[in-house]
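Here is the structure we will look at.
The values are calculated or read from the model by the stated rules, or taken from the named source; none is laboratory data. Just so you know, these numbers come straight off a predicted model, no measurement behind them. Cβ placement follows ideal geometry from the backbone for every residue including glycine, while neighbour counts extend to all protein chains displayed. All accessible areas refer to the heavy atoms of the entire protein, side chains included, with ligands and DNA or RNA removed. Shrake-Rupley method; radii C 1.70, N 1.55, O 1.52, S 1.80 Å.
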Amino acid sequence: MSVRIRFDGEEIAGRDGQTIAGVLLGAGRRSWRLAGGAERGVFCGIGVCQDCVVTVNGIENVRACQRTALEGDVVEREAR
Amino acid sequence: MTRRVAILGAGPAGLAAAEAALSAGADVVVLDEGERIGGQYWRHHEQLTDRRMQHQHARFARLGRVAEAATVHREASVWRVDTAHGIRVHALVGPADGSDREALTIDADALVIATGAHDRALPVPGWTLPGVITAGAAQALAKRDGAIVGERTVVAGSGPFLLPVADSIALAGGSVAEVVEAAGVAAIARGWGRAPWQLAGVAGKAGELAQYAGGLLRRRTPFRFGQAVTRIHGQGHVEAVTVQHVDAQWRPVAGTERTVTCDSVALGHGFTPRLEAAIQAGCDLSPERFVVVDDRQATSVASVFAAGEVTGIGGADTALAEGAVAGFAAAGGSLDDRRISGAVRARKRMHAFATRLATHAIGPGWTGWLDEDTIICRCESVTRARLSEYAAASSRAMRLATRAGLGACQGRTCGRTVETLIAADVDFDRRPVLSSIRIGELARLHHAEHKEQE
Amino acid sequence: MRTVVIGAGAVGAACALALTEAGAEVIVLDRAGVAAETSSRCEGNILVSDKGPGPEADLAILANRTWRELAKRLDDEPAPGRPATEFEAKGGVVVAFGAGAGALEEFAATQRAIGIRAVPVSAAELRELEPHLSDAVDAGVHYPDDAQVQPSLATQAMLAHALRLGAEFRIAEVIGARHAHGRITGVDTSDGVVEADAVVNCAGPWAGAVAELLGGRLDIRPRRGVILVTTPMRQRVFHKVYDADYVGAVGSADAALQTSTVVESTPAGTVLIGSSRERVGFSAEDMLPPLAEIAAKATRLFPFLADTMLLRSYFGFRPYTPDHLPAIGEDGDVAGLFHAAGHEGAGIGLAPTTGELIAHAVLGSPAPLDPTPFLPTRAGLRSAA
Ligand SMILES: Cc1cc2nc3c(=O)[nH]c(=O)nc-3n(C[C@H](O)[C@H](O)[C@H](O)COP(=O)(O)OP(=O)(O)OC[C@H]3O[C@@H](n4cnc5c(N)ncnc54)[C@H](O)[C@@H]3O)c2cc1C
Ligand SMILES: Cc1cc2nc3c(=O)[nH]c(=O)nc-3n(C[C@H](O)[C@H](O)[C@H](O)COP(=O)(O)OP(=O)(O)OC[C@H]3O[C@@H](n4cnc5c(N)ncnc54)[C@H](O)[C@@H]3O)c2cc1C
Ligand code: FES
């Protein structure tokens, strides 16, 4: 079973039930956000640090490590 | 009338509390923000978790079955706890950080706070590079997502938790370059009497730790004592770390530096309790900053109980025992009751184990591995130098001037570290919003309230 | 002249600076530290838009000018441990829904009559100023002179500057006073006696209690205000944007919960959403109704806010007097005791001019405007006390 999301204009497949962070890591992406000009990705993995936030289907500030990926999710980078 | 017991958190403590409260005849409501019950310890996903990472699974399966007799709200983020006029818990139910979750308000006669803990990771120069994660993240990603962050990971920090982390990384397909423990061999021998995985008396724990240690040996993973990762190198991502000896105070010893090639680092220097719900409920904290509880796990606030890592770091078995006592007492049960005597005994035994974790307590010398420009607050990219500038200001003024702890995580990651560096308490744990809520979700509460009144 | 300033909030810091610059020997005492209370729990608006004709408007218009010059002076010499004030003259936009438009324009006309720049803007111009504003808003007034500072930082900067010019700062709680011949001669503190020729009470919402400790009289009460802060985001709010109902709430004494929306973005990328007014003493309870009401009104103004994340909220207690004017000047009973308190929702904006009025009262330096309406001995304060 697999799930496909869009990230950076690319289609990425993950395993059904994985978080967005899990899908991105599985595809070899280790960072997906800019903080003070530097790349960040997952850090705490349990929803505490907010380092992993992405925009999902137009809604900002979604923790990638907490949100289960759903088929067709459009995931965008955030920067600040 | 049946007592209604609300339980915040469905980790080992919360689930044990639910089981005990049900056995004492209460009407039980459990809330947890996770998609599944189990907390940090039982982070299993039916399809994604390697079975070898499931410990005490029989116990979990039993608790899970029992919990069916309670009302369990999954994906329920509790964002506010009011105790001023009776106990009222406010939650939002729906996908994590969704924008249109359903508001849920639970009124209860008693509350058990079992919100657990998260890892504490000390800053190290280079720790904001992609590829550096907490030890808990490595564990959570391996268990829940079957994912690894790199091919070759250095696991570093302190405490027995590093063992299952290294084990999980290997089981999930990664390789562990080294496990680096800051406590020295002598300290460990003093603290534990012997190596932790040989610990007798604490049945479950010793067996589990022995299993991890066996895994390390089999895979020939080096285990270093009295050493620390003092620098992380790389351009844009992790390429290597400096591992260095530290003295008993965790001061880095000059001249002992080694470079270890790796593409990822898992850092864990113990745990920080998730106190915000307890603080909002009005519970007293100890000087060490855990929720103060009595024999019945009752807090300083009437009808509010606490159990598990929020009352002291002791691992899953401690949490289970404390949770059972808390749930039973919250339901109105007496500790003299035969049904709870087993948990009371287990709690005593486990507290002995928990005391030994002090061996791994953070030594004050670690600040010696920081550079002036090392980022301390990750959210706002605040450096150590910037913090020192405001070390003498009032804590509010310091926070507003440096923005340390004011970012998205609200000081959850850096709070304790900032306090160490400015040598003052900042009260980061007092958070008016316990978990994410969107302005629109808050607005809908107002509209709902006003419809009611019309 | 050895002068003790009690309180290191915005008002105390401004008084300390003005007194030091006018030649006094100044010792600032605060029990909690610099900017530890109200001045770090508010917004830093320096407004003319919310003031109708009267003495407070005169003070505000002057203070608005003074802030421009002061912020420049403070920010031109950065030093370690001394933050920038983050002064920004971004201007305010007050908007009205439906029938509120008429009242707003009438109010603006009275403001123009006393020299406040208040420019009516059409719906199209509003969209240009604030593209994310709700379509339901159809009238507005632009106040180009509304400005802001980061209040905590501005307070720290003022005090740091005073310290550089020779003032002294100590963390100590004032617990009593020394008197001789009807004059105050010093204060008792948690850290011993501090002798003084003059004492200035800048204790914010606690100024009434401090006045009493010192043998004086002052009626200052707390009025709770709550603010919401979102997570940092890309900028979508460009001015201070207020719902016109803000204008109505300022002078009101009603105890019940009132909210009026103020939305603005900060240099840190967060959006601040204020605020409420409640007379609940110093209570921290029952925060949910104000939080929810502020959120509801903010999304009415800026619908995009609905999907933004609340990061934190905070609250403070606006110090207010029964007649809603600050009390600035010498106490009626105790010679040598001065008050600078009760600025309610405008203490940041009014701070520098308050400092100058205090320097005038204590040292006789030139007054920036007629001090009479603000004297603590005025009838409006005495009768209600
Ligand atoms: C990432 C991580 C991995 C760990 N892995 C292991 C391991 O493999 N082996 C081991 O022995 N120990 C592990 N630990 C240690 C672990 O903390 C304890 O073993 C045990 O899980 C503690 O149980 P608890 O019930 O006190 O807390 P937890 O298990 O942490 O449970 C607390 C629960 O409360 C919920 N919660 C908290 N706040 C809210 C809120 N506001 N709204 C809704 N729900 C909330 C959380 O979602 C969580 O499910 C791990 C810890 C972490 C942080
Ligand atoms: C929600 C909210 C929003 C606001 N928005 C604005 C705005 O946009 N613009 C604006 O201009 N104003 C605003 N205000 C009002 C403004 O915050 C206050 O008017 C101002 O901060 C008052 O400053 P202060 O120095 O008088 O008081 P404080 O900042 O409270 O300082 C008083 C000090 O006295 C000290 N103290 C008290 N008792 C003693 C004692 N016995 N011994 C020693 N020290 C003592 C305290 O520790 C404290 O530090 C707002 C207020 C709130 C609550
Ligand atoms: S990695 Fe910390 S919140 Fe997702």
Cα-based Rg of segment B:1-56 normalised by 2.2 N^0.38 Å, two decimals:
1.30
On a C-alpha basis, how far is the centre of segment B:394-446 from the centre of segment B:223-277 in Å? Whole number, if you could?
26 Å
Relative contact order (percent, whole number), chain C, Cα cutoff 8 Å, 6+ residue spacing:
23 percent
From the Cα gyration tensor of segment B:121-269, with a ≥ b ≥ c the square roots of its eigenvalues, which class applies: rounded if a/c is under 1.5, or else prolate if a/b is larger than b/c, or else oblate?
oblate
Interface B/C, total buried accessible area with a 1.4 Å probe, nearest 100 Å²?
3000 Å²
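Interface A/B, total buried accessible area with a 1.4 Å probe, nearest 100 Å²?
Rounded to the nearest hundred, the buried surface is 3000 Å².
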Tally the DSSP beta bridges in chain B and give the antiparallel ones as a percent, rounded to 5.
50 percent
For segment C:156-170, in order, what is each residue's ³J(HN,Hα) by Karplus, 6.51 cos²θ - 1.76 cosθ + 1.60 with θ = phi - 60°, in whole Hz (x at glycine and Pro)?
4, 5, 4, 5, 4, 5, 4, 5, 5, 7, x, 5, 10, 10, 10
Ordered by residue, what ³J(HN,Hα) values in Hz, to whole numbers, does segment C:227-241 give under the Karplus form 6.51 cos²θ - 1.76 cosθ + 1.60, where θ = phi - 60° and Gly and Pro are x?
10, 9, 10, 8, 5, x, 8, 6, 5, 10, 10, 10, 10, 7, 10
Among beta bridges that DSSP assigns inside segment B:121-269, antiparallel share in %, nearest 5:
40 percent
Please compare each pair in B:Lys143/C:Lys297; C:Lys72/C:Lys240; C:Lys72/C:Lys297 to a cut-off of 32 Å on the Cα-Cα distance and tell me which ones are over it.
B:Lys143/C:Lys297; C:Lys72/C:Lys297
Rounded to whole Å², per residue accessible area for the protein assembly as shown with a 1.4 Å probe reads 36 Å²
Suppose every K and R has +1 on its Cβ and every D and E has -1 on its Cβ; what is the size of the dipole of segment B:121-269 about the Cα centre, in Debye to the nearest 20?
340 debye
For chain C, what is the charge dipole size about the Cα centre, in debye to the nearest 20, if Lys and Arg each add +1 at the Cβ and Asp and Glu each add -1 at the Cβ?
240 debye
Relative contact order of chain B, defined on C-alpha pairs under 8 angstrom at six or more residues apart (%)
19 percent
14 Å beta-carbon shell around B:Ile439, net charge (K/R +1, D/E -1):
+1
Within the accessible area of chain C, what % is carbon and sulfur when the probe is 1.4 Å and the other protein chains stay in place?
54 percent
With axes computed from alpha carbons, what is the tilt in degrees of helix C:100-113 against the longest principal axis of chain C, rounded to the nearest 10 within 0 to 90?
50 degrees
For segment A:2-79, the accessible surface attributable to carbon and sulfur atoms (probe 1.4 angstrom, ligands and nucleic acids excluded) amounts in percent to 45 percent
Given H placed on each backbone N at 1.01 Å, which residues far from B:His269 in sequence or on other chains put an amide H within less than 5 Å of it?
B:Arg120, B:Ala121, B:Leu122, B:Ser158
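Let me spell out the model: positive unit charges on the Cβ of Lys and Arg, negative unit charges on the Cβ of Asp and Glu, origin at the Cα centre of the protein assembly as shown. What dipole size does that give, in debye rounded to 20? Intermediate values should be presented prior to the final figure.
On the way: 93 positive and 107 negative charges, 660 e Å.
Here the protein assembly as shown has a charge dipole of around 3180 debye.
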Convert each backbone phi in segment C:171-180 into a coupling constant with the Karplus relation 6.51 cos²θ - 1.76 cosθ + 1.60 (shift: θ = phi - 60°), then list the ³J(HN,Hα) values in order as whole Hz, x for Gly and Pro.
8, 6, 9, 7, 10, x, 9, 9, 10, 8
At a 10 angstrom cut-off on C-beta neighbours, averaged per residue, how do the peptides C:94-107, C:48-61 rank from highest to lowest?
C:48-61, C:94-107
Output field shielding_mean for B:431-437 (other chain Cβ, 10 Å radius) holds 6
If packing is taken as the average number of other Cβ atoms within 10 Å across a peptide's residues, how do C:225-236, C:200-211, B:83-94 rank, most packed first?
C:200-211, C:225-236, B:83-94
Tell me which residues come under 5 Å, amide H to amide H, from C:Phe338 once H is placed; ignore anything under 5 positions away on its chain.
C:Val199, C:Val200, C:Asn201, C:Asp331
Once you order the gyration tensor axes a ≥ b ≥ c over the Cα atoms, which shape class does segment B:371-430 get: rounded for a/c under 1.5, otherwise prolate or oblate by comparing a/b with b/c?
rounded
Within straight cross-link reach of B:Lys348, meaning Cα distance under 14 Å, which aspartates and glutamates are found once same-chain residues fewer than 8 apart are removed?
B:Asp294, B:Asp295, B:Asp317, B:Glu322
Roughly what % of DSSP beta bridges within the protein assembly as shown run antiparallel, to the nearest 5?
60 percent
Given C:Val200, C:Ser365, C:Ala268, which one lies farthest toward the positive end of the charge dipole of chain C, if we put +1 on the Cβ of every Lys and Arg and -1 on the Cβ of every Asp and Glu?
C:Ala268
Whether segment A:2-79 is rounded, prolate or oblate, judged on the alpha carbon gyration tensor where a/c under 1.5 counts as rounded:
prolate
